[in-house]
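Chemist: For reference, the structure I am asking about is given below.
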Amino acid sequence: MNKINYRGATSLLSPEMKIFELIDAHPVLLSVFSRLGITLPFGDISVEQMCRRGGHSPELFLILCRMHIDTSFRPRPSELREDMLLSVVGYLRATHRYYTEYMLPHAGEHLDEILEYCDELSRSMLTKFYSDYVRYIEQHLEEEEQTIFANVESAAAGSRINLASLEVPHSDIDDRTNDIASLIIKCLPEAAPTHLRCAMLSHIYALRDDLRRHYNVEVALLRPLIAQTLNTPKQ
Amino acid sequence: MRRYRTAIIEPASVIGEGIASMLSASGEVEILFCCRSVAEAKAYIRSHDEVELLFVAASLAPQLNGMPLFDNVPMIAIQSTLVESEVLRRFAAVVTTFSTTEELLRTLHETLDRAAEPGYNESHELSERERDVLVLVARGYTNKEIASELNISPHTVISHRKNIVHKTGIRSVAGLTVYAVLNKLITNEQL
């Protein structure tokens, strides 16, 4: 028996939709564009036109948009195609770069501004805590790139690989990101201006939400694609 | 059968011992101590860290103010005299000298069930014991070492750690260490 998959508001996204309408309704999708290497301006073109022009699959683009808007969204197996696998890996690699080159350094700058108002001990503890956190995330991302992404690319190129090596490793990044937010909310001295704390918190929460979406793409899109594509015997 | 670890603070021995005997006879309750004053209970509770529930004479309510030792233990009032409703409001439930064993047990179950619900204890201040545990966590002690250092069971340490995480919103040991330092519960040299 087929399960009913309620798709909510994300079912309104379509290949015919104008890019302007899409972004206007869901500004959060701007990061999807940049990770696929799609640049502004878009003029008055549709999703399908934009994807064809950039050599992207409109179906995959819409799946990524839906997963970005609604973290409970799961693509149906019938929507997944073999040629999507490497594109998803490319998207995830770009997401990693977005974290390491923009989000994490930017949050670090916010923290440095706040720490100017803290005593020496608080400054050194929080600086170490944040740098350990960044190192932890970078190691986790590096591990994913070296194991999962590299192996998927090898397998797609025809090499034999062990599918067990493609499991998404567990991490407690979400807990650690929440810890930073809790420390900022509960422990920083009153001297630190509120607007600096709010800027830091907004950034940390944006990072946390994006990391959750990223994990969702790995689990609900990459993993089934790997299973579906690499398990299928080649004719 | 699981027995609920309970204690009683009641100046009138005949009432305190009576309730203790009724609860013990049910087989569901283990009476850890039954004493006559808050000061006595304070000493007892330090050495009986696993108290899950307290029956306390309603007349003793004013003496419980500012006692962090009792913060996390749900309390049932024993009403034997006329007491203002304002006083009774600080207790989770009320029993009287007319309560039957069944009524005592029903109140006990309802109170423990409510206490187990998330967000029951609205205080987000760490209790004295939780602060002790937090400091040892920050110093890198294991649950077993903390239990031995504070003379409590590892089960109780885990329970305190859950409360600490719930109250601080911080899960990692590294985060809890920063929390302890920033809140001046521990100095850098003690780490």
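Chemist: What number of residues in region A:76-95 are crowded, with 21+ Cβ neighbours inside 10 Å and more than 20 Å from A:Leu211 (Cβ to Cβ)?
Modeler: 2
Chemist: Moving on. Could you please find all residues in region A:122-133 being over 22 Å from the mean Cα position of the chain (by Cα) and among the hydroxyl-bearing types (Ser, Thr, Tyr)?
Modeler: A:Ser122, A:Ser124, A:Thr127
Chemist: Also, I was wondering about something else. Within region B:129-174, take every residue that is within 22 Å of B:Ala43 (Cβ to Cβ), open to solvent by 20 Å² or more (accessible area, probe 1.4 Å) and among the polar types (S, T, N, Q) and give me the one that is farthest from the other protein chains (Cβ to nearest Cβ).
Modeler: Once the filter is applied, the top-ranked residue is B:Asn151.
Chemist: I want to confirm something. Restricting to region B:26-51 and keeping residues that are touching a helix residue (DSSP H, G or I) at 6+ places or on another chain (Cβ under 7 Å) and aliphatic (A, V, I, L, M), which single residue is modelled with the lowest pLDDT?
Modeler: The selected residue is B:Ile45.
Chemist: Would you check if there is a residue in region A:188-206 being under 22 Å from A:Arg74 (Cα atoms) and either open to solvent by 30 Å² or more (accessible area, probe 1.4 Å) or within 14 Å of chain B (Cβ to nearest Cβ) (or both)?
Modeler: Step one: list which residues in region A:188-206 are under 22 Å from A:Arg74 (Cα atoms), which gives A:206.
From what is left, the residues that are either open to solvent by 30 Å² or more (accessible area, probe 1.4 Å) or within 14 Å of chain B (Cβ to nearest Cβ) (or both) are A:206.
Taking every residue of region A:188-206 in turn, at least one turns out to be under 22 Å from A:Arg74 (Cα atoms) and either open to solvent by 30 Å² or more (accessible area, probe 1.4 Å) or within 14 Å of chain B (Cβ to nearest Cβ) (or both).
Chemist: Here is a check on your reading of the model: is A:Ala227 within 14 Å of chain B (Cβ to nearest Cβ), modelled with pLDDT under 90 and either in a helix (DSSP H, G or I) or surrounded by fewer than 16 Cβ atoms within 10 Å (Cβ to Cβ) (or both)? Spell out the reasoning first.
Modeler: Values: within 14 Å of chain B (Cβ to nearest Cβ): no; modelled with pLDDT under 90: yes; either in a helix (DSSP H, G or I) or surrounded by fewer than 16 Cβ atoms within 10 Å (Cβ to Cβ) (or both): yes.
Spelling it out, it is not the case that A:Ala227 is within 14 Å of chain B (Cβ to nearest Cβ), modelled with pLDDT under 90 and either in a helix (DSSP H, G or I) or surrounded by fewer than 16 Cβ atoms within 10 Å (Cβ to Cβ) (or both).
Chemist: Among what's in region B:175-191 and is more than 11 Å from B:Leu134 (Cα to Cα) and more than 7 Å from chain A (Cβ to nearest Cβ), pick the residue that is modelled with the highest pLDDT.
Modeler: By that ranking, first place goes to B:Lys184.
Chemist: Tell me, which residue of region A:101-153 that is surrounded by 15 or more Cβ atoms within 10 Å (Cβ to Cβ) and polar (S, T, N, Q) is nearest to the other protein chains (Cβ to nearest Cβ)?
Modeler: My answer is A:Ser122.
Chemist: Does B:Ala57 satisfy the criteria of being open to solvent by 10 Å² or more (accessible area, probe 1.4 Å), under 19 Å from B:Asn72 (Cα atoms) and either modelled with pLDDT of 90 or more or under 17 Å from the mean Cα position of the chain (by Cα) (or both)?
Modeler: Numbers: open to solvent by 10 Å² or more (accessible area, probe 1.4 Å): no; under 19 Å from B:Asn72 (Cα atoms): yes; either modelled with pLDDT of 90 or more or under 17 Å from the mean Cα position of the chain (by Cα) (or both): yes.
In short, no.
Chemist: Okay, next question. Which condition breaks for A:Thr71 when tested against (1) modelled with pLDDT under 90; (2) more than 22 Å from A:Ile204 (Cα to Cα); (3) of a type outside the set (D, E, K, R); (4) not assigned by TED's automatic domain parsing to the domain that holds A:Cys187?
Modeler: With respect to (1) modelled with pLDDT under 90; (2) more than 22 Å from A:Ile204 (Cα to Cα); (3) of a type outside the set (D, E, K, R); (4) not assigned by TED's automatic domain parsing to the domain that holds A:Cys187, A:Thr71 is out only on (2).
The values are calculated or read from the model by the stated rules, or taken from the named source; none is laboratory data. In this text, all values refer to a predicted model and were calculated from it rather than measured experimentally. No Cβ is skipped: glycine too gets one built from the backbone with ideal geometry, and neighbour counts run over all protein chains shown. Surface accessibility is based on the protein's heavy atoms, side chains included, excluding ligands, DNA and RNA. Shrake-Rupley method; radii C 1.70, N 1.55, O 1.52, S 1.80 Å.
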